[in-house]
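Engineer: First the structure, then my questions, so here it is.
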Amino acid sequence: MQWYYVVVVLLALISGITLFQMYRLRRQNQQLENLLKHTSEKLERVQVHFGRFTPEEVIEHLTEAGGEYLANMRTVTVLFADLKGFTKMCYDLEPQLVVDILNGYFRCMSDAITRHHGQITELMGDGLLALFGALRSNPWQVQDAVLSAIAMREELEKYNDTLQERGIPALQFGVGIHHGDVLAGVMGNNELSKFGVVGDTINMAARIEALTRDLDCDILISDNVRKWLDGRFRLKEMPALPVKGIEIPVVTYLVEGLEHHQ
């Protein structure tokens, strides 16, 4: 019977060791699951914050392409918007209030732009630069850009209502839209880089926006944009004015709205 007790003891030891190993494995698995969950949540937070500075399409492209984004020439529609008289307003308001006003304004403008397939690539003080057709092909990019500007006008009216309820003066903006070729790609260095575009098309959009002050209006488009629009859009030809770098005065068109808005 002695061998019987030996076998029982050995079986007990083996069972104990097995149970202990199973416990260790389960604990290790739990720790690994917790680590994976924490890492996943951290990556999601990083993606959310990173997405505030870089268009989601660029992040996806960089991920799929192993971190490279080859520059190329693209035909895009550029929308440049700037607030009128906001710098002067800043001197009369508390700094935090100025930031709050701008944040609310950019939020409204961003909603209007993204609804129409555009991406904001630059925030410059109280100005913004949005692109249509830069990240992916979009045969309706010109219409999208002008529809976006009309939506921005409507959003600004709503936002001004909330500002005036708080005793804050209404905001006014100028928008310039131009259509043409740009060089698009990720630019910068190992420490800091961004998706951006360069070219005369960008400069022209900014100069057309500046004409909104001379012509006392809000949304102006170039003739390059007008040629791509259909009959839905109500346009008004404005007096030709000179712009920097262009020998011939530039003809622009005021976007009054859409026909069905009459």
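Values quoted throughout were computed directly from the atomic coordinates according to the rules given, and no laboratory measurement underlies them. Just so it is clear, the model here is predicted, and its values are computed rather than measured. Ideal geometry is used to build each Cβ from the backbone, glycine not excepted, and the neighbour counts take in all protein chains shown.
Engineer: Any idea how far apart ILE246 and MET124 come out in nm if each label point goes 7 Å out from Cα toward Cβ?
Structural biologist: Going from the ILE246 label point to the MET124 one covers 1.7 nm.
Engineer: Then there's this: Treating region 204-262 as a set of equal point scatterers at the Cα positions, no solvent, please give the Debye-formula log₁₀ I(q)/I(0) at q = 0.16, 0.18 Å⁻¹.
Structural biologist: Reported log10 I(q)/I(0), two decimals: -0.48, -0.60.
Engineer: Ranking SER137, SER222, SER148 by Cβ neighbours within 10 Å, fewest first, what do you get?
Structural biologist: Working: SER137 8, SER222 22, SER148 25.
Ordered by Cβ neighbours within 10 Å, fewest first: SER137, SER222, SER148.
Engineer: Taking the alpha-carbon centroid of each part, what is the distance from region 221-262 to region 103-139 in angstrom?
Structural biologist: Spelled out, the Cα-based centre of one part sits 20 Å from the other.
Engineer: In µm²/s, what is D for region 69-261 at 20 °C and 1.002 mPa s, where D = kT/(6 pi eta Rh) by Stokes-Einstein and Rh is the Kirkwood radius from Cα pairs?
Structural biologist: On the way: Rh = 17.3 Å.
Reported coefficient: 124 µm²/s.
Engineer: If Rh is defined by the Kirkwood formula over all Cα pairs and Rg also comes from Cα, what ratio Rg/Rh do you get for region 151-262?
Structural biologist: Numbers: Rg = 17.0 Å, Rh = 16.2 Å.
With Rh from the inverse mean 1/r over Cα pairs, Rg/Rh is 1.05.
Engineer: Only Lys, Arg, Asp and Glu count, each charged at its Cβ (+1, +1, -1, -1), so figure out the dipole size of region 119-262 about its Cα centre, rounded to 20 debye.
Structural biologist: Using only the charged Cβ atoms, the result is roughly 200 debye.
Engineer: To continue, here is another question. Could you give the nm distance between label points at ARG27 and ARG115, where each point is 7 Å from its Cα heading toward the beta carbon?
Structural biologist: 5.7 nm
Engineer: Evaluate the distance, in nm, between pseudo-label points positioned 7 Å from the Cα of GLU157 and of ARG232 along their respective Cα→Cβ axes.
Structural biologist: Here the answer is 1.8 nm between the modelled labels.
Engineer: To the nearest 0.05, how large is the calculated FRET efficiency for GLU259 and ASN72 if R₀ is 30 Å and r is the Cβ-Cβ distance?
Structural biologist: On the way: r = 37 Å, r/R0 = 1.22.
It comes to 0.25.
Engineer: What ranking, highest mean first, results for peptides 245-251, 104-110 when packing means the other Cβ atoms within 10 Å averaged over each residue? Could the numbers behind the result be given before it?
Structural biologist: Numbers: 245-251: 11.1, 104-110: 17.9.
Highest-to-lowest ranking by the protection proxy: 104-110, 245-251.
Engineer: Arrange the following residues from fewest to most other Cβ atoms within 10 Å of their Cβ: PHE86, PHE132. Don't skip to the end; give the middle numbers.
Structural biologist: Working: PHE86 20, PHE132 26.
Taking fewest neighbouring Cβ atoms as first place, the list is PHE86, PHE132.
Engineer: Right, here's the next one. Given the pairs LYS88/LYS158; LYS88/LYS194; LYS194/LYS236; LYS88/LYS227, which span a C-alpha to C-alpha distance of over 28 angstrom in this model?
Structural biologist: LYS88/LYS194; LYS194/LYS236; LYS88/LYS227
Engineer: Name the long-range amide H neighbours of GLU122: under 5 Å, sequence gap of 5 or more, or other chain; modelled H, no Pro or chain starts.
Structural biologist: LEU129
Engineer: Same structure, new question: I'd like the Karplus ³J(HN,Hα) series for region 109-119: coefficients 6.51, -1.76, 1.60, θ = phi - 60°, whole numbers in Hz, and an x wherever there's a Gly or Pro.
Structural biologist: 5, 4, 4, 5, 6, 5, 4, 10, 6, x, 10
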